[in-house]
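The values are calculated or read from the model by the stated rules, or taken from the named source; none is laboratory data. These numbers come from a predicted model, not from an experiment. Methodologically, a virtual Cβ is constructed for each residue, glycine included, from the backbone with ideal geometry; neighbour enumeration extends over all protein chains shown.
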Amino acid sequence: MVAVELKQSENGVSTAPGATRFVHVQTFGCQMNVNDTDRIMQVLAPHGWAPTDDPAQAQLILLNTCSVRDKAEQKMLSQLGRLRPLKEHNDELVLGVAGCVAQQEGAALLDKVPYLDLVMGPDHIGELPTLLERMQRGERRIAETEFYKRKDFRFVEAEPRDETRVSEFVTIMKGCDRVCSYCIVPFTRGREVSKPREMVVREVERLVAAGAREVTLLGQNVNSYGKDLQEGAGPLASRVPTFSELLTAVDAVPGLERLRFTTSHPMDAIDDLIDLFGRLRTLCEFFHLPVQAGNDRILDEMRRFYTVADYRDKVHKLRARCPEIALSTDIIVGFPGETDAEFEDTLRLLEEVRYDSIFAFKYSERPGTRAEKLGDNVPEAVKKARLSRVLAVQDAITRDKMQAMHGQVVEILVEGPSQRAARGTAGQGGGGFQMMGRTRTNLIVNVPVPFGDFWNKRWVGKLARVEIVEVKANTLFGRFV
Ligand code: 5AD
Ligand code: SF4
């Protein structure tokens, strides 16, 4: 439990120490949700709310949910079930569901779960204090899941957390205007809205001032950043910022060492972006470019609006511009109607591109999506077998690439103690005291350090050159040079 310092809230309501209330948030899913949880804490803090890890101590419990895959709703319902006894023992407890499942289900969720008090879509985080006030004034159960019109949506400007990390995330837009047939995101996050460029730069500046050295810009489809601002922009349209311009502006923030972004759709504004690699000092040589499948018919059914040849062309351009760039991707296996032969095409693409890493998923039918109408007709056992094959192919490629790192000297940004050190299982020379850092290409390297350096965190936040001296089970070990 971390109690925040109590201070005068922005609207002038002071909170006496005795008035501290505790909020417990459980976060599921992607980095966007993790970021939303930070904003939830941020908007509550001035109203005397402090975070707690212990649900039994909380007066407000929120589940920040994800619905991109799997039985998200089932998972949430069973988690709510586990929390129910707390509700029965404490009349004052507010139990709420936030995030994508909340958005998807809306007020219906209140009917389904009689002991639930609050359902809040991701657009409404900024209003959470007001919603709680309404409840205090007697309103018992609230569902707030209406999407704002684009022009009316307002971001909560992010402030650094107390324990700012070396590597931080900054949301630059919300929603997605793509219509990939399998995907629920357009339904749960709504239309794209870009955060004003000045706000993004300000947030990065504050994070850097608080100790961050690396920033990852976050959005469902960052490459289309700024496009929504064109709407109705009239004569100003040419002055609307593009994603490349945003990267250029963030790159100029003094003290920032590394810049990353995620996620990209292969067909949005890639060309001017490709040109920035090797040109912007902080822009890391790493690109997550989800392909989803290696077969044109499946890509068409997925409504991805590119062919394998189009995708290959992007990869070639990227590698021509920046030969050392590391690539990662997302793969879905077992999309409706995917035949064995079509699946083999995905394996072939993996062999051809030789990604540095991949995320692979079994297709999961989502309510209301276009793909739902196709029927989830690839048997679970087949999906499972395909997933294993994808992972096996990639494992071999990853292993090769890791082995090739042996003896190389690379720059890492040291983030903190390595997980191995934290677990006390390190076998390397440093007697278990190891720091963990990442290369610009996003590889994790463990480096033994003397106890004193480990204890006083001398290396945290520093850029260091290390030689890779050992490669073991997909883990790199280095030593400072
Ligand atoms: N089933 C399986 N995987 C999905 N993804 C998105 N929707 C689904 C779905 N219905 C995957 C895609 C996307 C990643 C974030 O999650 O690969 O790129
Ligand atoms: Fe979903 Fe990404 Fe497609 Fe948007 S671009 S619909 S978030 S898979």
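In the set (1) more than 17 Å from the chain's Cα centre (by Cα); (2) assigned by TED's automatic domain parsing to the domain that holds G255, E192 fails one condition alone, (1). Within region 316-323, does at least one residue satisfy the condition of being in contact with a His (Cβ under 8 Å, 6 or more places away or on another chain) and in contact (Cβ under 8 Å) with a residue 24 or more places away in the chain? Among the residues of region 316-323, not one is in contact with a His (Cβ under 8 Å, 6 or more places away or on another chain) and in contact (Cβ under 8 Å) with a residue 24 or more places away in the chain, which makes the answer no.
Results for (1) surrounded by 15 or more Cβ atoms within 10 Å (Cβ to Cβ); (2) within 21 Å of L289 (Cβ to Cβ), shown as yes or no for each residue.
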{"position": "A326", "(1), (2)": "yes, yes"}
{"position": "T329", "(1), (2)": "yes, yes"}
{"position": "G337", "(1), (2)": "no, no"}
{"position": "T346", "(1), (2)": "yes, yes"}
{"position": "L350", "(1), (2)": "yes, yes"}
{"position": "Y355", "(1), (2)": "yes, yes"}
{"position": "R366", "(1), (2)": "yes, no"}
{"position": "T369", "(1), (2)": "yes, no"}
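Of the strands (runs of 3 or more DSSP E) entirely within region 314-418, those holding at least 3 residues that are more than 16 Å from ligand 1 (Cβ to nearest atom) and modelled with pLDDT of 95 or more occupy 409-417. Here E231 fits the description: more than 16 Å from ligand 1 (Cβ to nearest atom), modelled with pLDDT under 95, in the same structural domain as R304 (by TED's automatic domain parsing) and of a type in the set (D, E). With the structure loaded, tell me whether R297 is within 14 Å of ligand 2 (Cβ to nearest atom) and of a type outside the set (S, T, N, Q) or whether it fails that test. For R297, the condition - within 14 Å of ligand 2 (Cβ to nearest atom) and of a type outside the set (S, T, N, Q) - is not met. Looking at the structure I just gave you, is L6 at pLDDT 95 or above and in contact with a Gly (Cβ under 9 Å, 6 or more places away or on another chain)? Criteria not met by L6. When region 158-205 is filtered for residues that are away from ligand 1 (no atom under 16 Å from the Cβ), part of a helix (DSSP H, G or I), surrounded by 19 or more Cβ atoms within 10 Å (Cβ to Cβ) and among the hydrophobic types (A, V, I, L, M, F, W, C), the ones remaining, listed by number, are V200, V204.
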